[in-house]
Amino acid sequence: MIKNIIFDFGDVFINLDKEATARMLINLGFAGITPDLINLFNAYETGTISTDSFVEQAGKWVPRANPEELRQAWNAILLDFPDYRLHFLQNLSKEAHYRLFLLSNTNELHLARVIEKMGEERYNLFLNCFQHCYFSHEVNMRKPDAGIFEHILNQHQLLPNETLFIDDTEEHVLSAAKLGIQTWHLKVGEDDIVALKTKLADD
């Protein structure tokens, strides 16, 4: 029986355009992803480097871009957060049938842009639906590393078989499943989080 639900954020609640950043950077002279650049992204996502340092270092791969253009390109991935999803989450929280948590691989720039797009009041309504929110850059861990799932389970004394993790990235879902956590690999364009109760009833 599911008693706890851990939600991803991007493409579960807020819509993303995962190719937008690459499109903008290519227009600014970006040649392509390298292992060093992936390491830089991961370092920023786990909060081990500052935003200013990230922008400065990322600029080495896009020499034609100024810092503001890099920030805009980085945030281009973020789209809208539909009201109907927020209303669904608020109702789920009010029913109090489940302990709700948020687990997101994110970073300081993205989170600031999310708050700007949503507005502080609406963003706080969202946060208040959860017992606790875990952002990778704040806890210095990221999915799919097992450690971040183990951290949440331990912090809140959650049993894996009573916990459902929902994410649109298969790699993250598989990592959680290895720990015995129940999972839903939400497929963007096919599934929507508002179908959660139907999903739980079917399972």
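Restricting attention to the stretch 97-104, does a residue exist that is of a type in the set (S, T, N, Q), within 23 Å of the chain's Cα centre (by Cα) and assigned to a helix (DSSP H, G or I)? Within the stretch 97-104, not a single residue is of a type in the set (S, T, N, Q), within 23 Å of the chain's Cα centre (by Cα) and assigned to a helix (DSSP H, G or I).
All conditions in (1) surrounded by fewer than 18 Cβ atoms within 10 Å (Cβ to Cβ); (2) in contact with a helix residue (DSSP H, G or I) (Cβ under 8 Å, 6 or more places away or on another chain) hold for K94, with the sole exception of (2).
So for the stretch 93-101 (the condition being free of Cβ contacts under 8 Å to residues at least 60 places away in the same chain, assigned by TED's automatic domain parsing to the domain that holds H156, on the phi > 0 side of the Ramachandran plot and not polar (S, T, N, Q)), does at least one residue qualify? Talk me through it step by step, then tell me what you get.
Our first condition is that a residue be free of Cβ contacts under 8 Å to residues at least 60 places away in the same chain; within the stretch 93-101, this holds for 93-97.
Retained after the next criterion (residues that are assigned by TED's automatic domain parsing to the domain that holds H156): 93-97.
Restricting the remaining residues to those that are on the phi > 0 side of the Ramachandran plot gives 96.
Within this subset, residues satisfying the condition of being not polar (S, T, N, Q) are 96.
Within the stretch 93-101 (the criterion being free of Cβ contacts under 8 Å to residues at least 60 places away in the same chain, assigned by TED's automatic domain parsing to the domain that holds H156, on the phi > 0 side of the Ramachandran plot and not polar (S, T, N, Q)), the answer is yes, since at least one residue qualifies.
Filtering the stretch 3-26 to residues that are touching a helix residue (DSSP H, G or I) at 6+ places or on another chain (Cβ under 6 Å) and closer than 17 Å to F88 by Cβ leaves V12, F13.
Taking helices (runs of 4 or more DSSP H) that fall entirely within the stretch 140-203, which contain at least 1 residues that are hydroxyl-bearing (S, T, Y)? Quick ask: steps written out before the conclusion?
Details: elements: 146-156, 170-178, 196-202.
By residue number, 170-178, 196-202.
With respect to (1) charged (D, E, K, R); (2) under 21 Å from K18 (Cα atoms); (3) touching a residue at least 60 places away in the same chain (Cβ under 8 Å), the lone exception for E162 is condition (2).
Is it the case, given these coordinates, that V139 is closer than 12 Å to N105 by Cα and hydrophobic (A, V, I, L, M, F, W, C)? Yes.
Yes or no: the stretch 38-45 includes at least one residue that is on the phi < 0 side of the Ramachandran plot, outside any loop (DSSP other than H, G, I, E, B) and either buried (at least 20 other Cβ atoms within 10 Å of the Cβ) or in contact with an Asp or Glu (Cβ under 8 Å, 6 or more places away or on another chain) (or both).
Within the stretch 38-45, the subset on the phi < 0 side of the Ramachandran plot is 38-45.
Next, only the ones that are outside any loop (DSSP other than H, G, I, E, B) stay: 38-45.
Retained after the next criterion (residues that are either buried (at least 20 other Cβ atoms within 10 Å of the Cβ) or in contact with an Asp or Glu (Cβ under 8 Å, 6 or more places away or on another chain) (or both)): 44-45.
Yes, that holds for at least one residue.
Quick check on E121: is it surrounded by fewer than 19 Cβ atoms within 10 Å (Cβ to Cβ) and either in contact with a His (Cβ under 7 Å, 6 or more places away or on another chain) or modelled with pLDDT under 95 (or both)? No; evaluated as a whole, the condition is false for this residue. Screening the stretch 85-125 for residues that are touching a Cys at 6+ places or on another chain (Cβ under 9 Å) and of a type in the set (A, V, I, L, M, F, W, C) and picking the one that is farthest from P67 (Cα to Cα) gives L92. Within the stretch 125-139, the only residue that satisfies the criterion of being closer than 16 Å to G10 by Cβ and part of a loop (DSSP other than H, G, I, E, B) is F130.
The values are calculated or read from the model by the stated rules, or taken from the named source; none is laboratory data. Just so it is clear, the structure is predicted and the values come from calculations on it, not from any experiment. Note that each Cβ is placed from the backbone with ideal geometry, even for glycine, and that neighbours are counted across all protein chains shown.
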